[in-house]
1. Using a 10 Å cut-off around each Cβ, can you sort 121, 281, 253 from fewest to most neighbouring Cβ atoms?
2. Once the Cβ-Cβ distance between residue 391 and residue 100 is put in as r, and R0 is 45 Å, what FRET efficiency do you end up with, to the nearest 0.05?
3. So, in nm, how far is label residue 458 from label residue 195 when the simple model puts each one 7 Å beyond its Cα toward the Cβ?
4. Whole Å is fine, so just give me how far the alpha carbon centre of region 446-461 lies from that of region 249-277.
5. Please sort 215-228, 238-251, 284-297, 480-493 by packing, taking for each peptide the average over its residues of neighbouring beta carbons within 10 angstrom, highest first.
6. Order of 431-440, 128-137 by packing, highest average Cβ count within 10 Å first?
7. Per the Cauchy relation, a quarter of the hull surface: what is the mean projected area of the convex hull of the alpha carbons in region 242-288, in nm²?
8. Does region 390-497 come out rounded, prolate or oblate, given a ≥ b ≥ c as the square roots of the eigenvalues of its C-alpha gyration tensor, rounded meaning a/c under 1.5 and, failing that, prolate meaning a/b above b/c?
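Just so it is clear, none of the values below were taken in a lab; they were calculated from the coordinates. Owing to the predicted nature of the structure, the values given are computational and were not obtained by experimental measurement. Positions of Cβ are generated from backbone atoms using ideal geometry, with glycine treated the same way; all protein chains shown enter the neighbour counts.
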């Protein structure tokens with residue numbers, strides 16, 4: 001019967017086997033796991049002294065888009081892709097153990113009356129390349145869960161923040177996807193965000209969920225100086241509640257009183273951490289079924305709390321965010337396979353994996369297990385450059401989805417399996433290059449999920465905005481970390497009329513703080529359905545465009561004037577809503 005070894009037992013077993021001399025070359029290590037959907041994940045290595053020695057991977061919401069260090073109140077009632085509210089509880093153990101800090105990002109809006117708001121930041125907002133306006137709970141159920149589509153992107157801009165003048169720090173990096181700077185509204189320091197963010201090389205797309213994931217890394221010699229190592233994975237999922245971590249939308253989150261209809265609750269069980277000790281010099285597999293501990297529910301510290309009954313263990317919740325999986329005869333939730341150092345003879349140290357699974361090899365007189373020539377995990381040749389994909393073609397599927405098709409060239413070494421295909425997209429007129437990949441959104445497709453017909457590979461990329469020009473780039477990677485050069489193309493998505501919202505209703509936007517507020521939407525619909533259909537109405541719209549922006553800017557800066565404007569405009573907005581609903 002398979003058995004699970006606790007972390008201390010596994011460490012003791014490794015300690016019985018003297019580590020070989022430090023390798024003079026990097027060692028290829030594979031990480032295997034099956035996460036649930038919509039998870040934030042970090043993978044890292046620590047040495048025998050407990051020192052953090054190497055970043056392996058972090059999902060792009062944290063590594064690229066800075067969800068751990070963005071403007072606003074930490075428990076803002078926001079949404080999955082809203083720009084405000086730092087998610088400090090996303091991956092706190094990883095963040096603190098890295099030992100790196102960054103300037104804390106706060107709202108650039110200096111009006112103290114607006115620092116606790118999801119809106120009212122128009123005077124310090126510029127074009128937003130990724131984030132969207134907050135969603136209401138009904139919108140969240142329809143839009144974010146089913147289609148992952150952002151509503152009204154052309155109407156939304158955002159406050160990119162500034163460094164906290166008090167000097168406060170964050171354990172998370174700021175976003176690094178900004179390639180434009182508007183000196184009229186942006187803080188100067190946003191131009192340094194990308195430079196401060198040091199995770200570009202290890203940032204990866206979020207795994208799709210309920211599918212086996214496969215991450216590889218070449219561990220450098222310096223990281224192996226104090227072997228054995230421990231491989232950690234931390235996984236967090238928003239709104240993963242249970243009886244011990246039961247949160248309320250209105251009482252446990254900060255609700256913007258002026259925009260209380262927007263935002264969805266996100267608090268839930270804390271992040272969960274798995275750990276596997278291993279010696280990268282020694283070829284073989286190690287895995288773990290039991291989790292090592294969990295982080296703070298509010299991300300306050302990097303404490304790793306020991307397992308207890310407050311964490312769920314089933315139905316994809318809590319510790320079950322990593323599913324039990326079986327590969328090559330091993331059963332585990334978190335698995336590590338090292339290809340071993342130069343001259344490695346193929347032994348597996350103590351002969352056991354941490355899952356206790358039996359090996360297919362014979363057991364020698366010294367208690368070690370002699371692995372067969374092919375242990376099912378594969379082998380790698382020297383690093384090589386792969387040929388780029390051919391015949392890259394982009395075809396519209398809908399306003400927010402594009403079909404990407406291409407041909408993979410014959411493998412340079414048929415013995416090395418294809419690992420994945422990466423598709424990058426960036427809303428820009430500048431062609432994608434290696435230097436701009438840090439700003440681009442990454443979608444990753446595992447080899448097993450590729451749709452291939454007569455040599456033609458087809459994948460679908462979503463979460464796009466309607467009527468935007470995007471730059472695309474495609475590359476692929478094999479199981480030995482070899483990557484192809486980029487193949488690039490440009491594409492403009494379809495327009496979608498009901499999602500395109502312009503900057504009309506300046507006064508209403510200033511009064512209610514956001515162009516997506518219900519009152520502003522009603523006035524806009526009245527303009528489109530009634531005013532624009534008559535010559536007199538068109539003249540009124542032109543007059544309004546010419547004279548209302550200066551007044552709107554004054555109103556936006558003064559809370560008292562905003563309140564008075566709402567009192568005056570509310571009856572008009574109510575009438576507009578009635579008129580358009582009957583229409």
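1. Numbers: 121 26, 281 23, 253 20.
Ascending Cβ contact count within 10 Å gives the list 253, 281, 121.
2. On the way: r = 43 Å, r/R0 = 0.94.
For residue 391 and residue 100, the calculated efficiency is 0.60.
3. Modelled inter-label distance: 4.6 nm.
4. Comparing the Cα centres of region 446-461 and region 249-277, I get a distance of 36 Å.
5. Values: 215-228: 18.7, 238-251: 13.6, 284-297: 23.4, 480-493: 17.1.
Output ranking for 215-228, 238-251, 284-297, 480-493: 284-297, 215-228, 480-493, 238-251.
6. Details: 431-440: 16.8, 128-137: 22.0.
Packing proxy ranking, top to bottom: 128-137, 431-440.
7. Values: hull surface 24.0 nm².
So the Cα hull casts an average projection of 6.0 nm².
8. Numbers: a/c = 2.32, a/b = 1.62, b/c = 1.43.
Here region 390-497 falls in the prolate category.
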